Each structure stands twice: as C-alpha cells, then as structure tokens.
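Below you'll find the structure, written out as structure tokens, and then a few comments.
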Amino acid sequence: VQLQASGGGLVQPGGSLRLSCAASGSIFSIDAMGWYRQAPGKQRELVARIVNGFTTTYADSVKGRFTISRDYDKNTSLLQMNSLKPEDTGVYYCNARAYTVDYWGKGTQVTVSS
C-alpha cells in the first residue's frame, strides 16, 4: 500500500483546509484509514480515523471541527478541517491499516497563523 497526502498549507485562524490521501497498491486490503499529526517538539498523535468506511474516531481537540471520510471510488481519504486554530499546526500524516500492518504517507505541513 502506498499513500500520497496533499492539501496542506498556510491558513489564518478560523479558516479551512481539506487534506486528501490517495491510496494505491493493495487497496482492497485496507480496513482503516486515518490522519495523525505531529507538532514541533511533540509526539505524533491521532487526529481522526475511519474504519470500514463508516466508524469514525476523533481526537477530543478536533471534534466538531474536523470530518474524516473515505471515497472508495477514488481510493482516497479526506480530512475536512474547519475553524482551524493555531494549535492545529503541525505535519499531518496519512495512515492506512491493512491486515494489521500500518502504512504511512509522507507528511503534509499545515500551518495556522495570522
């Protein structure tokens, strides 16, 4: 499984961004996709995850602001991020799980700043 993330950038507080993760390879084996982020000096943390296309989990800090979805036709995972805050700044990594093995894409930088 190969993952390619895109959609990061610089946005002002209160703004929105949408991250996209395109999966290729053995995509039929993927049962969960998610997004993690790592802020400077901090450990990587789970932001959102979707299992089997409908069961979602969110970090408390993003509930009500972020929405994760999975498009099976396009083999992508989307993370819609609204009402962004400076503390959302970090490198966001796409993750996929297939047969209990985790796969990671290269990170995409999200910076929330005025």
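Over segment 12-114, Cα pairs under 8 Å with separation of 6+ residues give a relative contact order of 34 percent.
Got a number for carbon plus sulfur as a percent of segment 13-114's accessible area, 1.4 Å probe? Show your work: numbers first, answer last.
Working: 2650 of 5450 Å².
It is 49 percent, rounded to a whole number.
Once both labels are positioned 7 Å from their Cα atoms along Cα-to-Cβ, the gap between Tyr72 and Ala59 label points is 2.9 nm. Take 48-59, 27-38 and order them by the average number of nearby Cβ atoms within 10 Å per residue, most first; the result is 27-38, 48-59. PRE reach from Phe28 (point 7 Å along Cα→Cβ): which of segment 64-100 fall under 13 Å by backbone N? Counting only backbone N, you get no residues. Taking a ≥ b ≥ c as the square roots of the Cα gyration tensor eigenvalues, segment 51-92 comes out prolate, since a/c reaches at least 1.5 and a/b is larger than b/c.
Per residue, how much accessible area does the chain have with a 1.4 Å probe, in Å²? Display every interim value, and only then the final one.
Details: 6160 Å² over 114 residues.
Here the per-residue accessible area is 54 Å².
How much length is gained on full extension from Ser6 to Arg18, taking 0.36 nm per residue of separation minus their Cα-Cα distance? All intermediate terms of the calculation are to be shown ahead of the outcome.
Values: separation 12, 0.36 × 12 = 4.32 nm, distance 0.86 nm.
So the extension gain works out to 3.5 nm.
The values are calculated or read from the model by the stated rules, or taken from the named source; none is laboratory data. Everything quoted here is computed from the prediction, not taken from an experiment. In this analysis, Cβ positions are derived from the backbone assuming ideal geometry, glycine residues included, and neighbour counts consider all displayed protein chains. Quick note on the areas: whole protein, heavy atoms, side chains included, nothing else; ligands and nucleic acids left out. Shrake-Rupley method; radii C 1.70, N 1.55, O 1.52, S 1.80 Å.
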